[in-house]
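Here the structure comes first, spelled out in C-alpha cells, and everything after it is commentary.
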Amino acid sequence: MAEAAKSTRVEAAYERLKEEIRTNRMPPGFQAPEPEIALRLGMSRTPVREALIRLEAEGLVELIPRRGVRVLPIRAEDMREIYQILTSLEPDAAARYAETRPSDQELAPLEQATADMEAALESEDLDTWAEADDRFHQILLDLQGNRRLKDFVRALYDQAHRARVVTMRMRGPPHRSTQEHREILNYLRAGDGDSVRRLFKQHRTRSAEELLAILEKYKLGQL
C-alpha cells in the first residue's frame, strides 16, 4: 500500500513538472534547487527528486550536483534529430491506421481536435491552438495501436511541443498547418493510407523547416 502511494506521488510530480516544462512556465534555462521545486509544487522532495530523474532521462532537464535542476535549452540540432525521427515514424503509423478503415466514432476525437484548432485560429488564440494541435497528434498516436512506438514517440512530442510554444508567435498564423490536419483527417476517414503518408511527411517536413529556421535565426538554443 505504501509503495503504491509513493508511486502515485511520483507520477503526480512527474506530470506536474512535465506540464510546467512543456508549456514553458518553467522555460529553457530555468534553474532552481530541488527544495524550491518541491515548494513550487507543494510536494515533498522525494517524489519530486524521482520525477526529475525521469525527466532527465527524457532529455528535458539536467540535474546539477549541489545546484539543483536546469531546464535544458531548445537546440536546433536536437529539434532536427527529433523531427527526422517523427517524419520517419509517424506517417507510416498513421497510414497503417488509415488502412484499417476507422469509423466516424473512432475518428471523433480527431475531428474535435481539428475543429478546436480551426476555432482557435479564427479567434487568434494561439495557446489553445497549440493545445489542440498537440492533442491531435497524441490521439492519433494512441489510435495507431503500436504500444512501443507510442511510448517512444511520446517523449519526443514533449520536446517538440515546448519548441512550438516558444516559437509560435515568431511566425505567421498557422493556417496551412490547420488545413493539413483537416486533410489528414479526411484521408483517414477515406481509408487512403498512401495519401495520409504523403501529406503527413509533407506536414512534418514543413513544420521542421519553419521551426529550425526560427531557432537558428534567433539563436534560441543558447537559452
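Observations on the model:
- Just the protein heavy atoms count here, and of the accessible area of the chain at 1.4 Å, carbon and sulfur take up 51 percent.
- Sparsely packed loop sites in region 64-112 (the GluC sites (Glu not before Pro) outside DSSP H, G, I, E and B with at most 15 other Cβ atoms within 10 Å) comprise E99.
- Cα-based shape type of region 99-147, given that a ≥ b ≥ c are square roots of the gyration tensor eigenvalues and the cut on a/c is 1.5: oblate
- Region 155-208 - convex hull of alpha carbons, volume per residue in Å³: 84
- Region 66-223, relative contact order [Cα under 8 Å, separation at least 6], %: 45
- Per residue accessible area of region 106-215, 1.4 Å probe, in Å²: 45
- For region 1-69, applying the loop criterion from DSSP together with a ceiling of 15 other beta carbons within 10 Å to the trypsin sites (Lys or Arg not before Pro) yields R25, R66, R67.
- Label-point separation in nm, A57 to E122, each point 7 Å along Cα→Cβ: 4.4
- More than 22 angstrom apart: percent of Cα pairs within region 26-104: 46
- When its C-alpha radius of gyration is set against 2.2 N^0.38 Å (N residues), region 51-140 gives a value of 1.45.
- Going by accessible surface with a 1.4 Å probe and the largest first, D192, D151 read D151, D192.
- In this simple spin-label model, placing a label point 7 Å from the Cα along the Cα-to-Cβ direction at both I64 and E99 gives a separation of 4.9 nm.
- Charge tally in the Cβ shell below 13 Å around V196, where Lys, Arg are +1 and Asp, Glu are -1, V196 excluded: +1
- Cα-based shape type of region 126-192, given that a ≥ b ≥ c are square roots of the gyration tensor eigenvalues and the cut on a/c is 1.5: oblate
- Think of a 1.4 Å ball rolled over the protein heavy atoms: region 5-64 then has 49 Å² of accessible area per residue.
- Rounded to the nearest 0.05, the FRET efficiency derived from the C-beta distance between A108 and R25 at R0 = 35 Å is 0.70.
- Of the two radii for region 63-208, the radius of gyration is 1.00 times the Kirkwood radius, both from the alpha carbons; that is the Rg over Rh value.
The values are calculated or read from the model by the stated rules, or taken from the named source; none is laboratory data. A quick note: this is a predicted structure, and the numbers were derived from the prediction, not measured. Positions of Cβ are generated from backbone atoms using ideal geometry, with glycine treated the same way; all protein chains shown enter the neighbour counts. We work out accessible area using only protein heavy atoms, side chains counted, and drop any ligands, DNA or RNA first. Shrake-Rupley method; radii C 1.70, N 1.55, O 1.52, S 1.80 Å.
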